Amino acid sequence: YTQAKALVYSKYGDPSEVLSLHTHSISPSLPPNQLLLRTLASPINPADINQIQGVYPSKPPFTSLLGTSVPSAVAGNEACFEVQSIGSSIKSVAKGDWVIMRSTGFGTWRTHALAEEKDILRVEKGGLTEIQAATVGVNPTTAWRMLVDFENLEGGRDWFIQNGANSGVGRAAIQLGREWGLKSINIIRDRKTPEETESMKKELLDLGATKVITESELQSRSTVSEIKEWTSGKNLKLGLNCVGGPVTLALVKTLSPGGHLVTYGAMSKQPLSLPTGLLIFKDLKFSGFWVSRWSDANSAEKEKTVESILQMTREGRFKDIPVQEMRWEWATEGERLVEAVGGGLEGFRSGKGVLVF
Ligand code: NDP
């Protein structure tokens, strides 16, 4: 028997209060259509925290499948797993292969999981780290689709502008833009000191950002007219919105006529309110993107997108996000869970938390 552990919750609330560690055992005799997976790495994404809080639209069902005393769900949505053993009818993967989940909602903050072939995507592991495979399916995939699916941007000419530029999604968009010849204006929050702001700007410029400005710089008239000059007043066709709230209005106002704002996050937790003239006279378009919905509807395309990003990663053309690695045993021992998972949404973090097993 395999001794397995999982971070589960049976009611919604603050992760540090509602998560608990559940131990169970998995039988060595697998049904023919199942695989036993061992988790290698799993990130702590903002959506994971919102899901546990009960404020996220997709809610995994509470069940008693793992033998918990009350019906529960396993937290986490993204991970890299190693195939530990396979049922007799499994053909597409072998022991030792790496896989990621095809969809979100599977529950990944656990040491082991039983899955079926339809749940997984095999990842060619050569040249990759566990963390690279564990973080490809949500953030970089989101950035890729938003740059490609909403406006027809032309390399060498067109620009996009984004806030939350130092987020996982933002860093991915910067790098994909660089690869495709798209120029980017990247908005970050002012850091605590000017030195820290400069160092964050440099980090993003090194990744391939064309311009990096702070939220407060975006408020100044001179920056707004500079943006017009850079983009010839007509080539800023796409905005990516991670933040919402009044700071996003300043971004929207820089878009060229006919431009398109794609919203994918709401880190400020504030609504976006817009002067109607931007829709009537400037013909701006507003859309939303949700990678979970897109992945479920475009399974083959998701596979291709993930493989393309991983190939760029192997070739050194796509850099990792900064992460804070947390050993599973450390994170799940005693009070440390609060530190590990509880801080998952606080701003100004030095990197995304990733559980490593
Ligand atoms: P990361 O954990 O990598 O980064 C978080 C980002 O949010 C940082 O840039 C941080 O900036 C910023 N931030 C935190 N608090 C605030 C605040 N109060 N106001 C403005 N910015 C803030 O995030 P991800 O890239 O994983 O996710 C970013 C957002 O995108 C989340 O809302 C997430 O849910 C969403 N998302 C949506 C997807 C979709 O399909 N719709 C897919 C993937 C992500 P700072 O360093 O200044 O704190």
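Laboratory data are not the source of any read-out in this text; all were calculated from the coordinates shown. What you are looking at is a predicted structure, and each value in this text was computed from that prediction instead of being measured. We place every Cβ from the backbone using ideal geometry, glycine too, and count neighbours over all the protein chains shown.
Taking H placed 1.01 Å from N in the peptide plane, check which residues at least 5 places from Leu40 or on another chain put their amide H under 5 Å from its amide H.
Distant-sequence amide H within range of Leu40: Cys80, Phe81, Glu82.
May I ask for the equivalent-ellipsoid semi-axes of the stretch 84-182, computed as the square root of five times each C-alpha gyration tensor eigenvalue and listed largest first in whole Å?
Value: 33, 14, 12 Å, ordered largest first.
Give the lysines reachable from Lys352 as a straight Cα distance under 17 Å; neighbours fewer than 8 places away on the same chain don't count.
Lys319
Arrange the peptides 107-113, 83-89 so that the one whose residues have, on average, the most other Cβ atoms within 10 Å appears first.
Peptide ranking by packing, descending: 107-113, 83-89.
Semi-axes of the equivalent ellipsoid of the chain: what are they in whole Å, largest first, if each equals the square root of 5 times a C-alpha gyration tensor eigenvalue?
38, 22, 18
Using only the Cα atoms of the stretch 214-304, build the gyration tensor, take square roots of its eigenvalues as a ≥ b ≥ c, and label the shape rounded, prolate or oblate: rounded if a/c is under 1.5, else prolate if a/b is larger than b/c, else oblate.
Prolate, since a/c reaches 1.5 and a/b exceeds b/c.
Tell me the mean residue ellipticity at 222 nm calculated for the chain from its helices only (DSSP H runs of n ≥ 4, each -39500 (n - 2.57), averaged over every residue, nearest 500).
Mean residue ellipticity, 222 nm, calculated: -8500 deg cm²/dmol.
Rank-order 24-33, 185-194 by packing density, defined as the average count of other C-beta atoms within 10 Å over each peptide's residues, highest first.
Result, highest mean Cβ count within 10 Å first: 185-194, 24-33.
How much net charge surrounds Gly137 when only the other residues with a Cβ under 9 Å from the Cβ of Gly137 are counted, with Lys and Arg +1 and Asp and Glu -1?
Computed value for this residue: +1.
Taking the square root of 5 times each eigenvalue of the Cα gyration tensor, what semi-axes in Å does the equivalent ellipsoid of the stretch 1-159 have, largest first?
Three semi-axes, in Å: 29, 23, 12.
Could you tally up the Lys pairs in the stretch 140-292 with alpha carbons closer than 14 Å? Skip any pair fewer than 8 positions apart unless they're on separate chains.
Within the stretch 140-292, the lysine pair count is 17.
For the stretch 140-292, what are the per-bin percents of Cα-Cα distances with bins 5 Å wide, up to the bin holding the maximum?
2, 10, 21, 24, 24, 13, 5, 1, 0
What share of the DSSP beta bridges in the chain is antiparallel, in percent to the nearest 5?
About 55 percent, rounded to the nearest 5.
Lys95: which aspartates and glutamates have alpha carbons under 12 Å from its alpha carbon, excluding same-chain residues fewer than 8 sequence positions away?
Counting by Cα, and skipping residues close in sequence, Lys95 has these aspartates and glutamates nearby: Glu82.
What relative contact order, as a whole-number percentage, does the chain give when Cα pairs under 8 Å and 6 or more residues apart are counted?
17 percent
Looking at the P(r) of the stretch 1-89, how many percent of alpha-carbon pairs lie beyond 16 Å?
In whole percent, the share of Cα-Cα pairs in the stretch 1-89 beyond 16 Å is 59.
Highest mean first, what order results for 255-268, 301-314 on Cβ atoms within 10 Å?
Result, highest mean Cβ count within 10 Å first: 255-268, 301-314.
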